[in-house]
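Enquirer: Sharing a structure here in structure tokens format.
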Amino acid sequence: MPWKVYPALILLAAFLLPLDVTSQRNFRYKMYRNPPKPLLGILPVQSPHLAQPAREMITEALRREAENFDRYKPISILGDSSSLSPNAIQKLRNETDIDYILRSVVGFENNRYTIFSELLNTNTMESQASYFQACNCPIGEVVYWLIPDAVKQLKKASLKQFDHCPSGMVEVPESFISRLEPITRDTSDTSGAEGDSVTHTLKLSAFCMDKWEYPNRVNDYPVVDKTWEEAAGLCSEQGKRLCSETEWERTCRDAVDQEFPYAGKYDAKKCNAEGDIYTEAGHNKTCSGKLGIEDLSGNVSEWTSTAWGENYGDFVVRGGFWQSGQNSSCSKRYSQSSKESQKSIGFRCCATLTQH
């Protein structure tokens, strides 16, 4: 190349370089002002009770309503919402780069339609929000009332985040936990055993949990005899939500492999697990771990936001009650119909912390 060409190339580079720097600066500024939205994958509605045309109609209504999720960019994906194991979710995330999954199950029993919808985080495999409702109504109201209401409530719940834990709540730090995922499920068995399992390690973001069972006030007795919907509604009124099963177990175990909040072995004197009735908040101060959250073992069992297996009308209950004895451990889990309530079942609320 002739030497006379070099000055021209230098001048051209000097002219183009600032343009490239300016372009990069403008791109970074646009990304700062308008960061990309997380991808929300919309799964087809699952329903063993409805014909294919009805399922497609409800799925289309769900996808249409999902456009109202301002925080997310919804995309339609194919898949079976009844078999989303951690491995399946991880594979789906790798293939599509989705951050969240919206899955819904519509059932029909006793002349009533039921809908269960759940917003799943594909990274932690945790439920960010869940919704359950039933109605004695025609299929048209499922499309034009239940589906919009489900999306509205899920959106409302997903937006509720705190920079710091509200008064009366305790911050549970970020942690890595191991969770057993059943290979086979027996949904008729409520003893906690679910057949063969494989272990998955999950990263659980920091969150807030009530120190005591609802109403989370010292010297007040826990509120019991509430259905799952009523419990979820009472938490929602405070800008909170029901705790997920994984959040509950992580807190109960104090992020270490122990069977009870206070130690690895059962101690009848620590918690109210061999009593005559539930006690008021603050009465069982020894029934806690390092975080100081009390009564996760015994006193009253607690609703979680986690559905039980494939029975989307049933939800996981944790903690045991005042006569559970050693069955009030951190690992015991039970199934309860969302439509039923018991005097031995209460609940506590959790809240999502803003991730910085």
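Any read-out appearing in this document is the output of simple, stated calculations on the displayed coordinates, not a laboratory observation. Worth saying up front: this structure is predicted, and the values here are computed from it rather than measured. Every residue, glycine as well, gets a Cβ built from its backbone with ideal geometry; the counts of neighbours run over all protein chains shown.
Enquirer: Taking θ = phi - 60°, what integer Hz values does the Karplus form 6.51 cos²θ - 1.76 cosθ + 1.60 yield along the stretch 329-344, in sequence order, with x for Gly and Pro?
Expert: So the J values, rounded to whole Hz, are 6, 5, 9, 6, 9, 9, 9, 9, 5, 5, 8, 10, 9, 9, 6, 9.
Enquirer: From the backbone phi of the stretch 45-60, what are the Karplus-calculated ³J(HN,Hα) couplings (6.51 cos²θ - 1.76 cosθ + 1.60, θ = phi - 60°) in whole Hz, Gly and Pro given as x?
Expert: 5, 9, 7, x, 9, 10, 6, 4, x, 5, 5, 5, 5, 5, 4, 5
Enquirer: List the residues, sorted by chain then number, that are 5 or more residues from residue 336 or on another chain and whose placed amide H is less than 5 Å from its amide H.
Expert: For residue 336, whose amide H was placed from the backbone, the distant partners under 5 Å are 315, 317.
Enquirer: Quick one: of 211/290; 160/343; 73/160; 37/240; 91/203, which pairs are farther than 22 Å apart, Cα to Cα?
Expert: Details: 211/290 12 Å; 160/343 30 Å; 73/160 18 Å; 37/240 24 Å; 91/203 17 Å.
Check vs 22 Å cut-off fails for 160/343; 37/240.
Enquirer: While we're looking at this one, here's another question. Using amide H atoms built in the peptide plane, which far-off residues or other-chain residues are under 5 Å from residue 281 H to H?
Expert: 219, 220, 221
Enquirer: Shifting gears a bit: Fewest to most neighbouring Cβ within 10 Å: what's the order for 49, 164? Could you put the intermediate results ahead of the total?
Expert: On the way: 49 12, 164 9.
Neighbour counts put them in this order, fewest first: 164, 49.
Enquirer: Right, another one. If you place +1 on the Cβ of every Lys and Arg and -1 on the Cβ of every Asp and Glu, how big does the dipole about the Cα centre of the stretch 202-260 come out, in debye to the nearest 20?
Expert: Values: 8 positive and 13 negative charges, 57 e Å.
Roughly 280 debye for the stretch 202-260.
Enquirer: Another question, if that's okay. Going by how many other beta carbons lie within 10 Å of each one, how would you line up 132, 69, fewest first?
Expert: Working: 132 24, 69 21.
With the fewest neighbours first, 132, 69 line up as 69, 132.
Enquirer: Could you compute the FRET efficiency for residue 205 and residue 49, with r as their C-beta to C-beta distance and R0 at 35 Å, rounded to 0.05? Intermediate values should be presented prior to the final figure.
Expert: Details: r = 36 Å, r/R0 = 1.03.
With a Förster radius of 35 Å, E is 0.45.
Enquirer: Taking amide hydrogens as modeled 1.01 Å from N in the peptide plane, which residues meet the under 5 Å criterion relative to residue 137, leaving out close sequence neighbours?
Expert: Answer set, sorted by chain and number: 113.
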